[in-house]
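The next block holds one structure in the form of structure tokens; read it before the comments.
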Amino acid sequence: MDNNEILRRLSELKEEKNAVILAHNYARAEVQDAADLVGDSFTLSQAAVDLDADVIVFAGVHFMAESAYILSPQKTILLPDADAGCPMADMVSAEALCEAKKKYPNAAVVCYVNSSAAVKAESDVCCTSANAKEVISAIEEDEILFVPDKNLGHYVSTLTDKKVHLWDGFCPIHQQITAHDVLAAKSRHPDAVFLAHPECRPEVLKFADGIFSTAGIIKYAAASSDAEFLIGTEQEMMHKLKKDSPEKSFYPVSKYAYCANMKMAALPSILNALETETTKITVPEEIRVKAKKSLDRMLEAVPK
């Protein structure tokens, strides 16, 4: 079955099952083009609640599908490939977090949405890279335990007077982007504006002209009068950027910034998920209820 046939069949199934396809900005280009909504984790979390759909196919990784189920358990949440995980999310466990909470008893736990349902359940509030500053500002406590991304946590710590304790986790894709990569890219494109994701290392962020979530990068680039941009995040972002601003030029800072887990969702696996519904993602109710409180607080911290 070629892609055109797959797309035709997907259209039929979406109408038949009242289904939507949500894709992250790091998903394959052809998957983004087939999706009903493409966005960052915050946008997709809101969509999981707001969309009038019975079935959601999540072209992303496991924690994203979990979050969709946590927020909308009445909906069927499908992950095209059950093995699509997140290495960063695996760097913190609920058990390890509980031990850390004993070490910092006065700290509010702010959990990056890139985490398991069990970790969210042990946290006070979740955040995304788009709203971390606003979430932390809304917290009464002056002390924060930020898990699991030390790079995002460090960046947020520069935007607040609160004391922020960092977990030793990171995104391997962003972590491998180096200051050398940035300087080399700047030498090739001296007039380009450098936009970076806050999951990058601090020494990379210091060279950035703007630090944004994936949605923020797209929005900034579209509104800017500049014509050239260096992009410090996963390389599939170039597809959305070029699609939204075809008259501008975009260059990835590192050609190695490639997330294989985000590429596991392909058109055939999306079709199989929607046809068979054998890749349902659920969360035990006791964990779901606790995790939902953290996600609800995240969504309430920033107006829609």
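With the chain treated as a Gaussian network of Cα nodes joined by springs under 10 Å, which of A185, A223, A27 yields the largest mean-square fluctuation? Greatest mean-square fluctuation among the candidates belongs to A223. Would you mind classifying segment 1-152 by shape? Square roots of the alpha carbon gyration tensor eigenvalues, ordered a ≥ b ≥ c; an a/c under 1.5 is rounded, otherwise it is prolate if a/b is larger than b/c and oblate if not. Prolate, because a/c is 1.5 or more and a/b exceeds b/c. Calculated FRET efficiency, A223 to E12, Cβ-Cβ distance, R0 = 45 Å: about 0.75 to the nearest 0.05. Sorted ascending by nearby beta carbons within 10 Å, beginning with the fewest, H24, H165, H180 become H180, H165, H24. Taking the average, over residues, of other Cβ atoms within 10 Å as the packing measure, peptides 127-138, 96-107 rank 127-138, 96-107 from highest down. For segment 187-285, the Kirkwood estimate of hydrodynamic radius, built from reciprocal distances between every pair of different alpha carbons, is 15.4 Å.
Sorted fewest first by neighbouring Cβ atoms within 10 angstrom, M64, M91 come out as M91, M64. Annotation: lysines with alpha-carbon distance below 27 angstrom to K243 (same-chain offsets under eight excluded): K14, K186, K219, K255, K263, K304. Model label sites at T158 and K186, defined 7 Å from Cα along the beta-carbon direction, differ in position by 1.3 nm. Ordering C126, C86, C111 from the fewest to the most neighbouring beta carbons within 10 Å gives C86, C111, C126.
None of the figures in this text is laboratory data; all of them are computed from the coordinates on show. Bear in mind the structure is a predicted one, so any value in this text is a computation, not a measurement. When we count neighbours, we look across all protein chains shown, and the Cβ atoms used for this are built from the backbone with ideal geometry, even at glycine.
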